[in-house]
Structure formats: C-alpha cells, structure tokens
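First comes the structure, then the notes that go with it.
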Amino acid sequence: MILVTGGAGFIGANFVLDWLAQSDEPVLNLDKLTYAGNLENLASLQGDPRHVFVRGDIADGELVTALLRQHRPRAILHFAAESHVDRSIHAPGQFVQTNVQGTYTLLEAARAHLATLDAGEREAFRFLHVSTDEVYGTLAPQDPPFSETTPYAPNSPYAASKAASDHLVRAWHHTYGLPTLTTNCSNNYGPFQFPEKLIPLMIANALAGKPLPVYGDGQQVRDWLYVGDHCAAIRRVLEAGRPGEVYNVGGSSEMANLDVVGSLCDILDRLVPAAGSRRKQISFVADRPGHDRRYAIDARKIERELGWRPAHSFAAGLEDTVRWYLAHQDWVSHVQSGAYLEWVERNYGKRGDAS
Ligand code: NAD
Ligand code: DAU
C-alpha cells in the first residue's frame, strides 16, 4: 500500500480518488482534519476497504512510526501542510509546526522504516514530497520561468516553511540515502478546493452577490494547473522519477488575477444569468503584505524525462470547476462553518480598499 498524508485536503483528496479509480493498491490516509481537511471529499470511498483513514498529526512521531510498522507502505506521498499564504501572514507558528516539524518527523520515521525493509523493498521505497513554486520567490515580467535550478528565495511565512521542508528532504537524501522525490508545483484549481483560495472564493462570493476582493491592482500573475493534471504528474514521478531529483510541475498557463476573476464572472453570467454582469462586484482591496508579483514554471524536465504534460487547458478546466461548484453548493455551505466566517472577518474585515 501507499501512505498519503493530508489526503482529506484539496489536492490530497483528488489524488486519493484518482489513485483508487486507476489502481487497487490500498491507500493509508493520515490527516489531522484541520479546518482544511474534510472527509466529505472522500465520501465516495465510504465502505471501500482499499481506503484506510487515520485521523492524526504528521508531527506525532509515535503514531507515524506505529502506522509504518503496521502497514509497511512501499511509498509515502506527503501532501499534508498548512497551505494558505494569507493565514501564514496572520499566524505563522502553525506553518512552522506542521510544514517543518511535521516533515522532519515523517522523514525520521521513514528513515527508521527503511532500515526494517529487505533489500528489494528498500530499492523500491520512495518518499515523495509535494511542494510549491513559491519557494523560488517572485519573477519580474520578462524573467524566465522557475526551473529546478532557480535559487530559493521564499517571501511569505508559508513559502519559507515549505522551503525549509524541501531542504530537509534534500538533506535526508544526501546524508541518509532516503530515496526522496520532490515536486514543486504552481497554483492548482479544481473540485474540493477550500473557498479561502482565489478561484473558489470568487465563485462563492459571486453567487452570493458579495464583493469580489481583488488584492492591490490585480495584476499579479499565477501559472494555473488543473488539480487532476497535478495528480497525474505525482503518479508519474512516483512511478519513474529518479531518487533525489526535483521536478517542477506547471500549467504553462499564466494569468493575471484580475483576468481570472473576470473570466469567472463571464462563465457564471453565462451559466447562471443574473440581472447584470458580476464583474460589477469586483472590489479592489488592500494588497497582501509581501505579495509575490509573478510565478511561472518551466516544466520541461518532467516532460522530457517522464513524458508528463497537462491535459487540461485553463479555459476548459475553469469552466469544469465552475460547473463542479454549482453542482456542489451543499459542499460549499458545509465548509462555510463558523470557523470559516471568523477567517473571512479576520482577513477581509478591516482590510480597506486598494488606494
Ligand atoms: P489543503 O490546505 O487543502 O489541505 C491540507 C491537508 O493537510 C488537510 O486535509 C489538512 O487537514 C491536512 N493537515 C494539515 N496539517 C496536518 C498535520 N499536522 N498532520 C496531518 N494532516 C495535516 O492543501 P492543498 O492545497 O491540498 O495542498 C496540499 C499540498 O500541496 C501542500 O503541501 C501544499 O504546500 C502543496 N501545494 C499546493 C498547491 C495549491 O495550489 N493548492 C500548489 C503547489 C503545492
Ligand atoms: O503557487 C502555488 C501556491 O498557490 C500554493 O503553494 C499555495 O498552497 C496556494 O494557496 C497558492 O498560493 P497563492 O497565494 O498564489 O493562492 P491564493 O489562491 O491565495 O491567491 C492567488 C492569487 O490571488 C494571489 O496573487 C493572491 C490573490 N488573491 C487571493 C485571495 C484569496 C486576491 O486577489 N484576493 C483574494 O481574496
């Protein structure tokens, strides 16, 4: 079996669902169920013996060690993290705890686990660390996209905590020979993304007739990738990636935030016509402190070495995503709990406009 951490979150849940749709190899899913983890994402697996869910913290070394001893997975796919940049600005401590201490705990447990395997099992074992393009910092408009050799320059507490975890993974390979793989991916979107992130937040607010809060001038650029394409990249890296290597994963789909929000308004206006265009709901608010201006990924290495490339265009993926959220309004209202409302008040309540 494989051990997935954070498999009740956005990308982790998509990964587990895709994995079990294509393979009968069981998944042991370790997730703390923070505000971002939601078993409803995995409801279609209820009663499926191939999915074993354990609620727990990756920073709990005893638990992780016991799970590895009991289930003897052939691979660890590490998705669990605190993932939202704005939350890391308000409260960075949990990001250091989960992303740094939690990754360290997993690496140590994996190292001890490796020593218990026979030569064949040890040869096949992999620790795949799911990371982000934000570790590389920010790009000017004419800069080439981030490659695997771009120097690290993280700018937010979230990015710094992920950069630290990447360094730990690298060191555990070089020093202890742990067969690690690291993926650094650009912005994902698609089903089950928590509505604190740009695309699902804008869909929810647009439908509710609320303002669409665009930070600063809205000209920050992100490289968007459909989550199913990210999951396919991870499966491919697990299958054929070279231990110790890093693979950048991206959509080659750069868009300014304001254009993303405008496109969402147009799709919604077409699918669910309202009195006027939802573009009128766009509201420029104070910028995110330290806001990175542009991310873009050079994904030529994973394409050249492993034959992966994204299957979804941004236009098609965005429309599919809007349709998914329209069809899953119950899911949205369930995650918009009291804690969600407190977050919205904290991040947007006293923000003021962009001027
Ligand atoms: P998410 O916030 O939606 O989900 C994170 C999951 O991890 C949740 O289920 C949560 O309960 C769980 N978790 C958090 N702390 C934990 C802990 N201490 N122990 C066990 N479980 C814990 O995040 P996501 O967007 O699905 O991101 C998954 C991974 O992919 C992260 O490592 C993130 O850095 C990386 N990533 C995300 C994106 C993106 O656009 N969302 C892009 C590139 C990389
Ligand atoms: O690049 C990969 C990263 O993408 C992942 O590592 C992170 O886990 C993921 O959260 C995402 O980070 P971003 O900060 O780019 O995503 P977010 O959805 O928070 O914001 C996308 C852009 O939209 C960013 O420039 C900030 C802007 N934004 C966001 C929100 C929530 C707004 O203008 N208004 C908003 O209300």
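Read-outs: derived from the displayed coordinates by stated rules, not from any lab. Owing to the predicted nature of the structure, the values given are computational and were not obtained by experimental measurement. Using ideal geometry, Cβ is built from the backbone for each residue, glycine included, and neighbour counts are taken over all protein chains shown.
Would you mind calculating the relative contact order of the stretch 88-216 from Cα pairs under 8 angstrom and at least 6 residues apart, reporting the percent as a whole number? Display every interim value, and only then the final one.
Details: 120 pairs, mean separation 37.6, N = 129.
Averaging sequence separation for qualifying contacts and normalising by length gives 29 percent for the stretch 88-216.
Among residues other than residue 63 whose Cβ falls under 15 Å from its Cβ, what is the net charge (Lys/Arg +1, Asp/Glu -1)?
On the way: positive: 32, 55, 69; negative: 31, 57, 60, 62, 108.
With Lys, Arg at +1 and Asp, Glu at -1, the net is -2.
For the stretch 201-272, what relative contact order do you get, as a whole percent, if you take Cα pairs closer than 8 Å and at least 6 residues apart?
Working: 49 pairs, mean separation 31.0, N = 72.
In percent, rounded to a whole number, it is 43.
So for the stretch 31-87, taking the charge dipole from beta-carbon charges (+1 Lys/Arg, -1 Asp/Glu), which of 49, 61, 79 sits furthest toward the positive end?
About the Cα centre, the residue reaching furthest to the positive side is 49.
Kindly express, to the nearest 10 degrees and within the range 0 to 90, the angle between helix 103-115's C-alpha long axis and the longest C-alpha principal axis of the chain.
So the inclination is approximately 30 degrees.
Quick one: net charge of residue 179's neighbours, Cβ under 13 Å, K/R +1, D/E -1?
Around residue 179, the charge tally is +3.
Just to confirm my numbers, what's the Cα centroid distance between the stretch 260-331 and the stretch 185-204 in Å?
Comparing the Cα centres of the stretch 260-331 and the stretch 185-204, I get a distance of 8 Å.
Nearest 10 degrees, 0 to 90: what angle lies between the long axis of helix 257-271 and the longest principal axis of the chain (Cα atoms)?
The two axes meet at around 70 degrees.
Order of 183-196, 201-214, 323-336 by packing, highest average Cβ count within 10 Å first?
Ranking, from highest mean packing down: 183-196, 201-214, 323-336.
Tell me the mean residue ellipticity at 222 nm calculated for the chain from its helices only (DSSP H runs of n ≥ 4, each -39500 (n - 2.57), averaged over every residue, nearest 500).
Working: 13 runs with 148 residues, N = 355.
Rounded to the nearest 500, the figure is -13000 deg cm²/dmol.
In nanometres, what is the gap between the two model label sites at residue 346 and residue 46, each 7 Å from Cα along Cα-to-Cβ?
Going by the 7 Å Cα→Cβ label model, 3.1 nm.
Using per-residue counts of other Cβ atoms within 10 Å, averaged over each peptide, order 105-116, 49-60, 340-351 from highest down.
105-116, 49-60, 340-351
Expressed as a whole number of Å, what is the distance separating the alpha-carbon centroids of the stretch 97-112 and the stretch 1-45?
19
Of the peptides 132-140, 93-101, how do they stack up when ordered by the mean number of other Cβ atoms within 10 Å, highest first?
Working: 132-140: 21.0, 93-101: 18.8.
Those peptides, ordered most packed to least, come out 132-140, 93-101.
Between residue 316 and residue 272, take the C-beta separation as r, use R0 = 30 Å, and let me know the FRET efficiency to the nearest 0.05.
0.95
Given C-alpha coordinates of the chain, what is the ratio Rg to Rh with the Kirkwood estimate of Rh?
Ratio of gyration radius to Kirkwood radius: 0.96.
Which Cα, out of 274, 233, 180, lies furthest along the positive dipole direction of the stretch 134-280 (beta carbon charges, K/R +1, D/E -1)?
Of the options given, the answer is 274.
Tally Lys and Arg at +1 and Asp and Glu at -1 over the other residues with C-beta under 12 Å from the C-beta of residue 294: what net charge comes out?
Working: positive: 222, 293; negative: 133, 134, 143, 223, 254, 292.
Value of the local net charge: -4.
Please give the contour-minus-distance gain from residue 280 to residue 327: 0.36 nm per residue of separation, less the Cα-Cα distance, rounded to one decimal in nm. Could the numbers behind the result be given before it?
Details: separation 47, 0.36 × 47 = 16.92 nm, distance 2.41 nm.
Stretched fully, the residue 280-residue 327 segment lengthens by 14.5 nm.
At what distance in angstrom do the alpha carbon centres of the stretch 220-256 and the stretch 114-156 lie from each other?
The stretch 220-256 and the stretch 114-156 have Cα centres separated by 11 Å.
Please compute the contact order of the chain in relative form: average sequence separation of alpha-carbon pairs under 8 Å and at least six residues apart, divided by the residue count, as a percent.
Numbers: 642 pairs, mean separation 60.4, N = 355.
Contact order relative to length: 17 percent.
Under unit Cβ charges (Lys, Arg +1; Asp, Glu -1), what dipole magnitude, rounded to 20 debye, does the stretch 1-157 have relative to its Cα centre?
340
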